[in-house]
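**Q** Got a structure for you, written out below as structure tokens; questions coming shortly.
The values are calculated or read from the model by the stated rules, or taken from the named source; none is laboratory data. This structure is a prediction, so every number in the text was calculated from the model and none was measured. Glycine gets a Cβ as well: all are built from the backbone with ideal geometry, and neighbour counts include every protein chain shown. The protein model used for the area step is the full one, side chains on, heavy atoms only, and it has no ligands, DNA or RNA in it. Shrake-Rupley method; radii C 1.70, N 1.55, O 1.52, S 1.80 Å.
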Amino acid sequence: MKNVLVLGATGNVAQYFIDSFANVAPNDMQLTLWARNSRRLPRSQHEAYQVYEGDMYDATTLVPAIADADIIGSSPMPTYAQALIDAINMSGRTIDRVIWLGAGGMMGETIGGEGRIARSMPGYFNQQLRGGEMLMGADFDTTIVSPVMFHGGPAGKPIIFDSHETTPAQTVSRETIALVYLEALLQDKWRNQMITVGDRK
């Protein structure tokens, strides 16, 4: 049984992912949830899954959850990335894969309004890129899923490009990103790749 650890489980993308996973859950996979404030998780998720709580900046609080994990899905920032790498090393666990939420534009791959946003906030996007590069250089397989700017609408057909290529996508639904996470997980796609995802041009 593979154990998929969802870090930042109270986040919007994570919640879409958890709900989508529950609808198609294979017999050989289970979820474990980790949150900074687990009280924000729905009661139904507390009843259905093992839940951990801790500080994403503190590697020691991640170790108990990682000790039984095979695949980890998480959120951005280099401080979190370093804490995750440290926690994996401290746990002694061999992690098969990390699926990480990046930021569309951190590779300079976006155009139009999305590209202007990325160019106007170089510090933020450079931090996102450093976090992704730290994980890509680690001893486990990594997939970086970078959404372009979020819109508040429903999921659409994903527009997926390698993050080293220019993407025409301008916005994306959080639900679409969650479904791409699920596709990466269940179909074992995009290992050791950085992809940028949108659903509207």
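**Q** Modelled with pLDDT under 95, farther than 22 Å from Thr176 by Cβ, in a helix (DSSP H, G or I) and touching a helix residue (DSSP H, G or I) at 6+ places or on another chain (Cβ under 9 Å) - does that describe any residue in the stretch 42-57?
**A** no
**Q** Separate question: Kindly list the number of the only condition in (1) in a helix (DSSP H, G or I); (2) within 14 Å of Ala14 (Cβ to Cβ) that fails for Arg116.
**A** It fails just one condition, (2).
**Q** Those residues that are open to solvent by less than 90 Å² (accessible area, probe 1.4 Å), assigned to a helix (DSSP H, G or I) and not hydrophobic (A, V, I, L, M, F, W, C), I need them from the stretch 17-31; list them, please.
**A** Selection gives Asp19, Ser20.
**Q** Taking the stretch 106-116 on its own, how many of its residues are without any contact (Cβ under 8 Å) to a residue 40 or more places away in the chain and either open to solvent by 80 Å² or more (accessible area, probe 1.4 Å) or over 21 Å from the mean Cα position of the chain (by Cα) (or both)?
**A** Here the count works out to 2.
**Q** Please specify each residue of the stretch 156-177 satisfying the condition of being open to solvent by less than 40 Å² (accessible area, probe 1.4 Å) and either of a type in the set (A, V, I, L, M) or within 17 Å of Ser20 (Cα to Cα) (or both).
**A** Gly156, Ile159, Ala169, Val172, Ser173, Thr176, Ile177
**Q** Next question. Can you pull out the residues in the stretch 173-197 that are on the phi > 0 side of the Ramachandran plot and in contact (Cβ under 8 Å) with a residue 40 or more places away in the chain?
**A** Selection gives Trp190, Asn192.
**Q** Which one is farthest from Leu186 (Cα to Cα), of the residues in the stretch 32-52 that are loosely packed, with under 15 Cβ neighbours inside 10 Å and either of a type in the set (Lys, Arg) or touching a Phe, Trp or Tyr at 6+ places or on another chain (Cβ under 6 Å) (or both)?
**A** Arg39
**Q** Please report, ordered by residue number, the strands (runs of 3 or more DSSP E) entirely within the stretch 152-201 with at least 2 residues that are in contact with a helix residue (DSSP H, G or I) (Cβ under 7 Å, 6 or more places away or on another chain).
**A** Of the strands (runs of 3 or more DSSP E) lying wholly inside the stretch 152-201, those with at least 2 residues that are in contact with a helix residue (DSSP H, G or I) (Cβ under 7 Å, 6 or more places away or on another chain) span 193-198.
**Q** Can you work out which of the residues in the stretch 53-79 that are more than 18 Å from Asn3 (Cβ to Cβ) and touching a Ser or Thr at 6+ places or on another chain (Cβ under 7 Å) is most open to solvent (accessible area, probe 1.4 Å)?
**A** Tyr57
**Q** Okay, next question. Quick one: in the stretch 88-105, which of the residues that are aliphatic (A, V, I, L, M) and not in a strand (DSSP E or B) is surrounded by the most Cβ atoms within 10 Å (Cβ to Cβ)? Working first, answer last.
**A** Here is the first cut: in the stretch 88-105, the ones aliphatic (A, V, I, L, M) are 88, 90, 95, 98-99, 101, 103.
Now restrict to residues that are not in a strand (DSSP E or B): 88, 90, 95, 103.
Values: Ile88: 23, Met90: 14, Ile95: 20, Ala103: 26.
Among residues in the stretch 88-105 that are aliphatic (A, V, I, L, M) and not in a strand (DSSP E or B), the one surrounded by the most Cβ atoms within 10 Å (Cβ to Cβ) is Ala103.
**Q** Additional query: Taking the stated definitions as given, is Pro147 in contact with a strand residue (DSSP E or B) (Cβ under 7 Å, 6 or more places away or on another chain), open to solvent by less than 30 Å² (accessible area, probe 1.4 Å) and within 22 Å of Asp19 (Cβ to Cβ)?
**A** Yes, satisfied.
**Q** Look at Gly92 and say whether it is farther than 25 Å from Thr176 by Cα, at pLDDT 90 or above and in contact with a Lys or Arg (Cβ under 8 Å, 6 or more places away or on another chain).
**A** Working: farther than 25 Å from Thr176 by Cα: yes; at pLDDT 90 or above: yes; in contact with a Lys or Arg (Cβ under 8 Å, 6 or more places away or on another chain): no.
Criteria not met by Gly92.
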